[in-house]
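Novice: Take this structure, written in structure tokens, and hold onto it; I'll ask about it next.
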Amino acid sequence: IWEIGECMKRIISVVLALSLLLAVTACGQKEQNENQNGGSGAGSSAAQQADSKGRVADKYHELLDGENTVYYYEADVVAEFVDDESAEPEESVMAEGQDKTGRHTVATGYSGLEMREIGTKDYNYSVDDTSKEYSKMEIEEIEEMDLTYNETGEMELDGKSWKYDEYLQKYEMEGFSEDGEEAVIDTYLYKKRYLVDEKGELYAIVTLQEEQGEGGAENHLIHREVDTITKFEEGKAPEEFFEIPDDYKEVESLG
């Protein structure tokens, strides 16, 4: 039985650590993939197409998780810590895009898009469009992200059944036993599902973060996020989404 308190603090720290790793590695992974594939991405694309029989959302995985792609989308977000019965689901909005130069941006906010994380080859910029401030951090060498195909299935969402392709990444992180006395290594799974309608158009992106069960036990769901797509553009993205206006002030860190 999972208890609220120290255990929830551990769960939250794990989810935040995984989310930060995924956000920071997105641009770096695409740059590494370009170098390995000679910049064209043709080799990986051909391999995926050769092994894609029966899948329903290869297009969106290749577009949003691949390299040399240009796209932009907006979504309504509902996120929740499944273990904390006292916590209400958190609603927000987000947008994500990549331009022709490889810049990758994720914007978030509650009433509107207020904060942006802009990743380039050399730097990561945190931008507060409300206060008109930004900070800059040099990108350090980090472990490469590698989402791999897991399954194709169906799931219920918003009163309908949707087909999806699921991709996942496993992580091992050091933690402590429930009594806090012994250091242990736990395995976590980050799952990303692309849900499509009967026409094959993207309806939502569902991400699940789980702790892997031991000895064949069922995985334990920690965090779930549903991004319902409200706008999607392939092959183009608004230029201003990746730029910092000249009147914005650079600060050491955003408050």
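Novice: Which members of segment 54-79 meet the condition of being within 14 Å of the chain's Cα centre (by Cα), under 17 Å from residue 199 (Cβ atoms) and not aromatic (Phe, Trp, Tyr)?
Specialist: Answer for segment 54-79, where residues must be within 14 Å of the chain's Cα centre (by Cα), under 17 Å from residue 199 (Cβ atoms) and not aromatic (Phe, Trp, Tyr): just 63.
Novice: Of 155, 173, which residue is of a type in the set (A, V, I, L, M), part of a strand (DSSP E or B) and surrounded by 15 or more Cβ atoms within 10 Å (Cβ to Cβ)?
Specialist: Answer to the check: 173.
Novice: Here's a follow-up. Can you find a residue that is under 24 Å from residue 190 (Cα atoms) and part of a loop (DSSP other than H, G, I, E, B) anywhere in segment 123-137?
Specialist: no
Conditions (1) polar (S, T, N, Q); (2) outside any strand (DSSP E or B), marked per residue:
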site	(1), (2)
195	no, no
207	yes, no
224	no, no
231	no, no
246	no, yes
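Novice: Here is a further query. When you scan segment 137-146, do you find a residue that is closer than 30 Å to residue 111 by Cβ and either surrounded by fewer than 16 Cβ atoms within 10 Å (Cβ to Cβ) or in contact with a Lys or Arg (Cβ under 6 Å, 6 or more places away or on another chain) (or both), even just one?
Specialist: Yes, because at least one residue in segment 137-146 is closer than 30 Å to residue 111 by Cβ and either surrounded by fewer than 16 Cβ atoms within 10 Å (Cβ to Cβ) or in contact with a Lys or Arg (Cβ under 6 Å, 6 or more places away or on another chain) (or both).
Novice: So, one more: Scan segment 179-208 and report the pairs whose first residue is within 22 Å of residue 149 (Cβ to Cβ) and open to solvent by 10 Å² or more (accessible area, probe 1.4 Å) and whose second residue is outside any strand (DSSP E or B) and among the acidic types (Asp, Glu), with Cβ atoms within less than 6 Å and a gap of 6+ or a chain change.
Specialist: Hits for this filter: 203/197.
The values are calculated or read from the model by the stated rules, or taken from the named source; none is laboratory data. Quick caveat: nothing in here was measured; it's all calculated off a predicted structure. Heads up, the Cβs are rebuilt from the backbone with ideal geometry, glycines too, and the neighbour counts pull from every protein chain shown. Surface accessibility is based on the protein's heavy atoms, side chains included, excluding ligands, DNA and RNA. Shrake-Rupley method; radii C 1.70, N 1.55, O 1.52, S 1.80 Å.
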